[in-house]
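Q: Take this structure, written in structure tokens, and hold onto it; I'll ask about it next.
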Amino acid sequence: MKRAPLTFLVAGLIAGIATVAIGRVWPAVLINDVGLLFFVALLAAITVSASSSRVRRGLWRYLVGLIICAAAYLGGLFAFSVAAGYSPDLLGMPASSAMPSFGTDVWIGLLVATLVSSACIELLASVLTGRWSNRFFLFLTAVGFVTVAATYTAHVLFRKPWTFLGVLLPIGEALFCWVLGQQIWESGEGTTVRTPAGL
């Protein structure tokens, strides 16, 4: 693993841990500020890894990036609520009593949320690098599914109240930030897939 993407991984992990720690004291952070903390971690990783030269110039890109980061989490949260909320009625199955109970509806909600968040993060990458990559979008989706599986495994093993978010956010933010860092790093080497026609 190259050093620069590793820096992004660590930054994302720290942001995820900080989000959970602060969220235990101020729960509103888990609704309003997850995207902001992820964006701060991204900026820190870009600075520490000296990757700014691989990001397209323009302050507007960072402003749009901040908006996308907020939208990625809120959009994922909305997608989860809709998918998990309606799937029991549509599929004729019992609804979970709580999100960490990991019923089928929660699985469906998390997988749909992963797709939405992955698309938003790839959009962020395309704003910063000037190119959309289908390969990295699939990579983001894959690590999102890995995060959901890891969260479920931790839930089965420990069954603690904060296991759900305590695993989901740190691992998810670490892996998403790592993939984003990898794409930013590769963009300077001319290996990122070009934007598909019409996007």
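Q: Note the full-extension length gain between ASN134 and LEU36 as 0.36 nm times their separation in residues minus their Cα-Cα distance, in nm to one decimal.
A: Working it through step by step, the gained length comes to 32.8 nm.
Q: Amide H to amide H, which residues 5 or more places from GLY188 or on other chains are under 5 Å from it, using H placed in the peptide plane?
A: none
Q: Quick one: 3J(HN,Hα) in Hz for region 36-45, Karplus 6.51/-1.76/1.60 with θ = phi - 60°, rounded, Gly and Pro as x.
A: 5, 5, 5, 5, 4, 4, 4, 4, 4, 5
Q: Now for a separate question. Which value, in debye to the nearest 20, describes the size of the charge dipole of region 3-187 about its Cα centre when Lys and Arg Cβ atoms bear +1, Asp and Glu Cβ atoms bear -1, and nothing else is charged?
A: 520
Q: Mind giving me the FRET efficiency for TRP162 and VAL82? R0 is 25 Å, r the Cβ-Cβ distance, nearest 0.05 is fine.
A: Plugging the Cβ-Cβ distance into 1/(1 + (r/R0)^6) gives 0.50.
Q: For the chain, with a Gaussian network of springs between Cα atoms less than 10 Å apart, report the residue from TYR86, TYR62, TYR152 with the top mean-square fluctuation.
A: In the Gaussian network model the winner is TYR86.
Q: Of the peptides 130-139, 51-60, 38-47, how do they stack up when ordered by the mean number of other Cβ atoms within 10 Å, highest first?
A: Put in order of decreasing packing, that is 38-47, 130-139, 51-60.
Q: Take the chain, drop everything but the C-alpha atoms, weight them equally and run the Debye formula without solvent; then report log10 I(q)/I(0) at 0.14 Å⁻¹ to two decimals.
A: -0.78
Q: Please work out the Cα center distance from region 1-69 to region 105-157, rounded to the nearest Å.
A: 16
None of the figures in this text is laboratory data; all of them are computed from the coordinates on show. Bear in mind that the values here come from a model prediction, so they are computed numbers and not experimental data. Ideal geometry is used to build each Cβ from the backbone, glycine not excepted, and the neighbour counts take in all protein chains shown.
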